[in-house]
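Notes follow the structure.
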Amino acid sequence: MNAQRLPRSPRTGLQVLRTGLRALRTGLRGWGGVGAMAAVCALAVTFALLLPLTQSHGDGSTGTGGQGVARGIQAKVAAECENPQDQSPQPSSLDGKTIEAIKARKDPRLIVGVDQNSYRWGYRDPNGGKTAELEGFDIDLVHRIAKDILGDENAVKFKAIPTNQRIPALKDGRVDMIVRTMTITCDRVKEVAFSAPYFLTGQQVLAPKSSTIKGYDKTLAGKRICSGAGSTALELLRKDRAAKKAGVASADIETVVPSQLDCLVRLQLGQVDAVVTDSALAASQAAQDPTVELKGEAFTTDYYGVAVKKGANDLAARVNRILEQYRQDGGWQASYDKWLSPTLGTKSESAKPPVPRYK
């Protein structure tokens, strides 16, 4: 990550930053198969500024300071990011400027970027016909957020957003938030803000049952691997190949597709040998095609978060409050049991909501 110098000596600035962070933390303390799916498809969270870039009121931000200092601190935090999932703002039920703007619309609805092709996460039942509505684990969460903020769980405008368009869609203002199996990473927190984690996952390999591939190891040597554009998996594959990691060093990772489901179709057609993606998505894809299976164990620990535009701290804080209630009243568990337990089971670490951590 590209570190920027603070307006003081690097060593002294780093000490002050770390001291400030410690003080802050201490103080705040089955579907019908791939054929049906392919037909349907047509084949430091942004560090929520310690010092805001501009003074604001009612948006969940705190503190004062010059723009140069604020940007320097934010860049330094992002550069030293180790646990991006614990930098989200404290939960709040207040309406800030972002939420007020949503409510002031002529047609007050949340505009949410989602997936419509991820089985059990965000998808349309192919048996539902032309009027089939989006459903799944992520979709349940969107309805819960809309109900809390706007008083109507159906006050939502869904937009299907490809993996590589999630961040651009937020930056361009096309959506208010992204709820689309989006992993919280250090690189992403420099560009958007996240809620606290709402799901625990990890990267895993998906391949045909008959394949000699055993997992994310030397058995991938020389194999053709598919991954989604803009995905955490693709970033990891490129990093490990550059580092000459065993197996990945000689693998062909050039099959990059807009939607992760396209990887499953490529796998079925024999155009690739394996898919690397989030274990939660891989399990859902394996449920769609009985000829493929997960290989080896998950080899990373990742978390999904609700992404919002950088600076929309009031919206991130409100989502965190909603997530707290969602966990406490059993809504999260009921959604998991309905959508994900058939593929992920009831005893995995993912079967319970992750413990939230904030700045």
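The values are calculated or read from the model by the stated rules, or taken from the named source; none is laboratory data. Nothing here was measured: the structure is a model prediction, and the numbers come from that model. Cβ sites come from the backbone with ideal geometry, for glycine too, and all protein chains shown count toward neighbours. Keep in mind that these areas ignore ligands, DNA and RNA; they rest on the heavy atoms of the full protein, side chains included. Shrake-Rupley method; radii C 1.70, N 1.55, O 1.52, S 1.80 Å.
Numbers for the structure displayed
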{"item": "Total residues in the stretch 331-349, condition open to solvent by less than 60 Å² (accessible area, probe 1.4 Å) and not in a helix (DSSP H, G or I)", "result": "3"}
{"item": "Breaking point among (1) open to solvent by 10 Å² or more (accessible area, probe 1.4 Å); (2) in contact with a helix residue (DSSP H, G or I) (Cβ under 6 Å, 6 or more places away or on another chain), for residue 328", "result": "(2)"}
{"item": "Residue 222 vs. criteria outside the structural domain of residue 137 (by TED's automatic domain parsing), within 30 Å of residue 317 (Cβ to Cβ) and open to solvent by 10 Å² or more (accessible area, probe 1.4 Å)", "result": "no"}
{"item": "Tally, over the stretch 250-282, of residues that are in a helix (DSSP H, G or I), surrounded by fewer than 24 Cβ atoms within 10 Å (Cβ to Cβ) and in contact with a helix residue (DSSP H, G or I) (Cβ under 6 Å, 6 or more places away or on another chain)", "result": "2"}
{"item": "All positions within the stretch 283-298 that are part of a strand (DSSP E or B) and either closer than 12 Å to residue 118 by Cα or open to solvent by 20 Å² or more (accessible area, probe 1.4 Å) (or both)", "result": "293, 294"}
{"item": "Pick from the stretch 85-115, criterion open to solvent by less than 50 Å² (accessible area, probe 1.4 Å) and assigned to a helix (DSSP H, G or I), ranking: farthest from residue 197 (Cα to Cα)", "result": "102"}
{"item": "So residue 331, is it under 17 Å from the mean Cα position of the chain (by Cα) and small (Gly, Ala, Ser)", "result": "no"}
{"item": "Among (1) assigned by TED's automatic domain parsing to the domain that holds residue 118; (2) at pLDDT 95 or above; (3) touching a Gly at 6+ places or on another chain (Cβ under 9 Å), the one test that residue 326 misses", "result": "(3)"}
{"item": "Residues that are modelled with pLDDT of 95 or more and outside any helix (DSSP H, G or I), drawn from the stretch 215-231", "result": "215, 216, 217, 221, 222, 223, 224, 225, 226, 227"}
